[in-house]
Amino acid sequence: MSSWCSNLGWVVESDATTVPNTLLSLEEIKMWFGAGLYENPEMMHIIDFCLKSAYNNLKNYCNRDFILCRYKEIFKSQGTDTLMLKNYPLQEIEEITANNTKIDSPIYETGVNSNGIVYLNKIVRQGSMLTVLYKAGFEYKDIPADLKHANLLQASFFYKRFGSENDGFIGMKSISKMNENITKEDTSNCGLISEVKGLLKPYIRSEVPTNIAFQGVS
């Protein structure tokens, strides 16, 4: 059963087929961390926490969600016919209304290569409030391997910090010990390790000029 909830300021209804708030199946998590470790209740709680925290970091960094869900977005028109949705790949648009009047036959692409851009087939008067109900995100079978890898790597980074003797040095660039200088992973900007940021480069959502036409308000 799904329910409406708030997700980074956007209203979503979650229909995720993965473990909630991760890009991974239970089987994949057990393969990575070890089935015996994951079945320990205390360690399971820690691993789940790390996986969910890591996925939240991925979403914040890319400014979009990846799990297949239903979304609702509200825009304020600047007087044009084009908008860009926050989340993609776009699977389906259920309804678009402008000031409570339905807009018929919008043009958009669906599937793993879609970019969330929607052409409305009409100029929407400036100042109009546009509401879009849609379904977007990757179906589990289509989640790219590098996104899953990013989720696992970042979660592993968090997991290794639990009980680490270096916990007190979070934020430092390097540690000197026994005349040996150890360079630490710099996560000061967004909490992500550098390898994960490299994996996420193709998935970062960027505003495009057409999106200036509609200002997202919720």
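The values are calculated or read from the model by the stated rules, or taken from the named source; none is laboratory data. Remember, it's a predicted structure, so these values are computed and weren't measured experimentally. Neighbour counts run over all protein chains shown; Cβ positions are idealised from the backbone, glycine included.
Annotation note: of 79, 111, 116, the sole residue that is closer than 25 Å to residue 146 by Cβ, surrounded by fewer than 18 Cβ atoms within 10 Å (Cβ to Cβ) and either in contact with a helix residue (DSSP H, G or I) (Cβ under 6 Å, 6 or more places away or on another chain) or not assigned by TED's automatic domain parsing to the domain that holds residue 152 (or both) is 111.
When you check residue 51 against the structure, is it assigned to a helix (DSSP H, G or I), under 19 Å from the mean Cα position of the chain (by Cα), in contact (Cβ under 8 Å) with a residue 60 or more places away in the chain and over 28 Å from residue 110 (Cα atoms), yes or no? Yes, satisfied.
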